[in-house]
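Report on one structure; see the data block that follows.
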Amino acid sequence: MRSSPGTWVIESENEHALVYCTDVGALTTRGQLVRMVLFPTSVHFKYVDQLPVVSQLKRSETFFLRWTVGEGQQKPGLHFKC
């Protein structure tokens, strides 16, 4: 009679067996796979410390582009000559 790892066969008759479970956990490959699915490891963004710097650079770029490109354009209705 073949049993799973972490179990003891107490009694077996023909096709039926009485098995005692001794270990519950991820000691097998299948158990490790189930544990990975049920309890995934947390994902940590590698560059989380640099996000404020990148955000500030992006804001500066947006301001600079609006200042240089938008300066030559006149919007209708905003400039009146008296």
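All of the numbers you see were taken from the coordinates with simple rules; none came from a lab. Every value quoted in this text rests on a predicted model; they were computed, and no experiment measured them. A quick note on method: Cβ atoms are made from the backbone with ideal geometry, for glycine too, and the neighbour counts reach across all protein chains shown.
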* Amide H neighbours of residue 19 under 5 Å, at least 5 residues apart or on other chains, H built in the peptide plane: list them. => 10
* Structure fact -> Of all chymotrypsin sites (Phe, Trp or Tyr not before Pro) in region 29-71, the ones in DSSP coil with at most 15 other Cβ atoms within 10 Å are 45, 47
* Please report the orientation-averaged projected area of region 7-69, defined via the convex hull of its C-alpha atoms, in nm². => 8.6 nm²
